[in-house]
Every structure is written in C-alpha cells, then in structure tokens.
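Remarks on the structure that follows.
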Amino acid sequence: MTRTVAKDQYTPAQEKDQFVVEVEQEKGQYTLWQILAIWLAAGAPMWILGWVIYPVLSQNLSAVDAGLLRMKLLTVGLIWQFVLSMLILYREEGDIRLGTIRRRFWLNNPIAPKTGQKDKRLWWLLIPFILLVFVLEFAAGPFFDGLWTKLFPFLAEPQGYSMAGLLAPEVRTRWIGAWNLLALQAVLSVFNTFLGEEFLFRGVLLPKMNGVFGKRDWIANGILFGLYHLHQPWGMPGNILSGWVLAFPAKRYRSNWFPIILHSGQSVFFIVLILGLVLGLA
C-alpha cells in the first residue's frame with residue numbers, strides 16, 4: 001500500500017524519488033456535480049462557437065475562409081479551457097506557480113504502480129501507446145465514427161463544417177508564404193493537445209475523479225472527453241476511444257506527460273503539413 005504523507009512533511013528527496021499520495025487529493029475529490037460543472041464550463045463555449053457563432057459568421061464565405069474562421073473559433077474555445085484550468089487551480093491552490101502546476105497536474109516522470117517510485121524506464125511504454133494511437137487514428141476511430149453516423153445520420157458532419165477545403169489542391173498556392181496560417185495552426189495545436197484539453201481533462205479532472213468513479217475514473221474521463229466533442233459529434237466514438245488511450249497511462253503511471261505526448265502527435269503532423277504548404281513544398 002502506498003504511504004500517505006502530508007505535503008509539509010515529505011523531504012525534497014521523497015518529492016523527487018517517491019510517489020506521495022497527497023492528503024489534499026484524498027480529501028479534495030470532486031463530487032459528481034463538480035465534475036459535470038467543470039465539463040460543462042469547458043464544453044459549452046465550444047458548442048456555442050461551433051453551432052451558433054460559426055453558422056452566423058460563415059454565411060457567404062468561401063470554403064477556404066470558412067475553414068479559417070472555424071480554426072480561429074476553435075482556438076478561442078481551447079484558450080478558454082486553459083484559462084478555466086488556471087482559474088480552478090488558483091481557487092484550489094491559491095497560486096498558479098509552475099511548481100503548483102506540475103504537482104497538481106501530474107507533470108512529472110512516470111511512477112511505477114508497484115513500487116510507487118519514479119522510473120524513467122517507463123518512458124519506453126510510449127512506443128506501444130504510440131502504435132495504439134496510430135491504429136486508432138487511421139483504423140478503429142474512422143470505423144466507429146462511420147458506423148456512428150450511419151446509425152445516427154443527423155449527427156454527420158454538415159456541409160461547410162469541414163476544414164479540408166484549406167488543403168484542396170486548387171488553393172495550395174494561396175498558402176505559399178502565409179506564415180500567419182502556420183502561426184494559427186501552432187497556437188491551435190498548443191492549446192488543443194497540451195494547455196487546453198489535456199490540462200482540463202487529464203490535469204484538472206482526472207486526479208480528482210476517483211472519489212466518484214473509483215478505479216474506473218479513467219474510463220469516465222475518456223467518456224467525458226468524447227462527449228465534450230459535441231461541437232463535432234460525428235467523431236464522438238473515436239474521441240471516446242482516444243480519451244481512454246490518453247487517460248489510462250496518465251492514471252496508471254501518474255504522469256500527464258504520457259497523454260500530452262500521445263495527443264500531440266496530431267499537432268506535429270498538421271504543423272509539418274502546413275509548413276510544407278507555406279514553403280511551397282506541398
């Protein structure tokens with residue numbers, strides 16, 4: 001059994017080498033209503049931006065300009081998630097110092113479940129998880145998303161919501177030298193797969209869901225992550241699967257660097273792709 005040590009009692013050596021179950025985490029678990037309230041606070045702006053503001057502002061825009069608008073609106077919603085995470089952190093901890101962020105959001109080396117000690121060898125587990133993410137992104141996710149929209153066709157992607165038009169062959173010359181597009185993608189990526197969704201779902205929520213869901217907290221976290229994607233409901237099954245793949249290693253090894261790295265693979269892909277467009281290589 002892991003030993004519980006009060007925050008003001010453990011030594012720097014313990015803090016560095018041994019997993020310490022925070023007394024505040026045991027006593028400060030969220031209730032179901034708190035979990036749902038945070039989920040709603042993170043998701044509602046995205047839903048409003050996607051289903052209310054975007055249709056109004058995208059009227060009479062070309063497919064390319066509509067795609068840019070959607071990117072900008074999603075970026076705003078993701079930045080809000082970071083702000084929300086910091087507000088919650090400040091309310092709970094009284095500050096938002098880097099040390100507090102690292103401790104509260106599990107930004108540390110992975111911890112072996114059996115020994116309770118940090119073990120850098122566990123980073124090798126990223127390899128099978130990366131392969132799993134690859135299978136999920138290119139096989140399992142699209143399959144279940146396709147099945148989902150066949151069962152519920154009213155949840156399929158509406159016309160004008162796809163951002164694929166940004167990459168159409170006939171408009172690629174427009175992006176040569178368009179460093180503003182690359183900057184937009186970079187900001188979107190950072191808040192999508194790191195400071196926004198991961199800080200909120202695996203940083204704020206996951207460590208404090210055990211009191212309601214017990215050992216199944218990572219399963220509940222993945223479901224909440226998938227359902228949060230109501231701004232693009234055609235992909236919710238795939239996002240639930242992604243949520244499980246991201247939440248499981250975070251919980252098992254008490255390190256949110258696992259989901260951040262795994263989630264950021266898509267960010268790297270799109271940044272490289274758009275960089276190729278900007279440089280005229282695509």
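The values are calculated or read from the model by the stated rules, or taken from the named source; none is laboratory data. Keep in mind it's a predicted model, so treat the numbers as computed, not measured. When we count neighbours, we look across all protein chains shown, and the Cβ atoms used for this are built from the backbone with ideal geometry, even at glycine. Quick note on the areas: whole protein, heavy atoms, side chains included, nothing else; ligands and nucleic acids left out. Shrake-Rupley method; radii C 1.70, N 1.55, O 1.52, S 1.80 Å.
Residues checked against (1) surrounded by 12 or more Cβ atoms within 10 Å (Cβ to Cβ); (2) at pLDDT below 90; (3) closer than 30 Å to LEU61 by Cα:
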site: THR100; (1), (2), (3): yes, no, no
site: TRP106; (1), (2), (3): yes, no, no
site: ILE130; (1), (2), (3): yes, no, no
site: PRO142; (1), (2), (3): yes, no, yes
site: PHE152; (1), (2), (3): yes, no, yes
site: LEU155; (1), (2), (3): yes, no, yes
site: LEU166; (1), (2), (3): yes, yes, yes
site: TRP175; (1), (2), (3): yes, yes, yes
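Within segment 117-131, the set of residues being touching a strand residue (DSSP E or B) at 6+ places or on another chain (Cβ under 6 Å) and of a type outside the set (Lys, Arg) comprises GLN117 only.
So which helices (runs of 4 or more DSSP H) are wholly in segment 86-158 and hold at least 1 residues that are within 24 Å of HIS229 (Cα to Cα) and polar (S, T, N, Q)? Walk me through it before giving the result.
Working: elements: 98-104, 126-135, 141-151.
Once the helices (runs of 4 or more DSSP H) in segment 86-158 are filtered for at least 1 residues that are within 24 Å of HIS229 (Cα to Cα) and polar (S, T, N, Q), what remains is 141-151.
Of the residues that make up segment 65-84, is at least one under 25 Å from ALA44 (Cα atoms), free of Cβ contacts under 8 Å to residues at least 24 places away in the same chain and of a type in the set (A, V, I, L, M)? Yes, segment 65-84 contains at least one residue that is under 25 Å from ALA44 (Cα atoms), free of Cβ contacts under 8 Å to residues at least 24 places away in the same chain and of a type in the set (A, V, I, L, M). Of all residue pairs spaced 6 or more apart or on separate chains, those with beta-carbon atoms under 6 Å, a first member in segment 255-282 that is closer than 19 Å to LEU107 by Cα and touching a residue at least 24 places away in the same chain (Cβ under 8 Å) and a second member that is open to solvent by less than 60 Å² (accessible area, probe 1.4 Å) and of a type in the set (Val, Ile, Thr) are LEU262/VAL133; HIS263/THR193; SER264/THR193.
What about PHE134, is it touching a Gly at 6+ places or on another chain (Cβ under 9 Å), of a type outside the set (Ser, Thr, Tyr) and open to solvent by 30 Å² or more (accessible area, probe 1.4 Å)? Steps first, please.
On the way: touching a Gly at 6+ places or on another chain (Cβ under 9 Å): yes; of a type outside the set (Ser, Thr, Tyr): yes; open to solvent by 30 Å² or more (accessible area, probe 1.4 Å): yes.
Criteria met by PHE134.
Being among the hydrophobic types (A, V, I, L, M, F, W, C), within 21 Å of LEU78 (Cβ to Cβ) and open to solvent by 20 Å² or more (accessible area, probe 1.4 Å) is a property that LEU262 lacks.
Give segment 32-72 a look and list any residue that's within 16 Å of THR193 (Cα to Cα) and surrounded by fewer than 19 Cβ atoms within 10 Å (Cβ to Cβ), or say none. Break it down stepwise before answering.
Just the residues of segment 32-72 that are within 16 Å of THR193 (Cα to Cα), to begin with: 42-43, 46, 71-72.
Across segment 32-72, the qualifying residues are MET71, LYS72.
The one condition from (1) in contact with a Pro (Cβ under 9 Å, 6 or more places away or on another chain); (2) surrounded by fewer than 18 Cβ atoms within 10 Å (Cβ to Cβ) that ALA183 does not meet is (1).
Being at pLDDT 50 or above, within 18 Å of GLY203 (Cβ to Cβ) and either among the aliphatic types (A, V, I, L, M) or assigned to a helix (DSSP H, G or I) (or both) narrows it down to one residue among TRP39, TRP51; which is it? Spell out the reasoning first.
Working: TRP51 fails: within 18 Å of GLY203 (Cβ to Cβ).
After ruling out the rest, the residue left standing is TRP39.
Taking the criterion of being open to solvent by less than 10 Å² (accessible area, probe 1.4 Å) and not in a helix (DSSP H, G or I), the only residue of segment 199-252 that qualifies is MET209.
Could you please let me know if THR75 is over 16 Å from the mean Cα position of the chain (by Cα), in a helix (DSSP H, G or I), polar (S, T, N, Q) and surrounded by 15 or more Cβ atoms within 10 Å (Cβ to Cβ)?
Spelling it out, it is not the case that THR75 is over 16 Å from the mean Cα position of the chain (by Cα), in a helix (DSSP H, G or I), polar (S, T, N, Q) and surrounded by 15 or more Cβ atoms within 10 Å (Cβ to Cβ).
Table: residues versus (1) over 30 Å from GLN117 (Cβ atoms); (2) touching a residue at least 12 places away in the same chain (Cβ under 8 Å).
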| residue | (1), (2) |
| --- | --- |
| ALA183 | yes, no |
| GLU197 | no, yes |
| PHE201 | no, yes |
| GLY211 | no, yes |
| ARG216 | no, no |
| TYR228 | yes, yes |
| GLY243 | no, yes |
| TYR253 | no, yes |
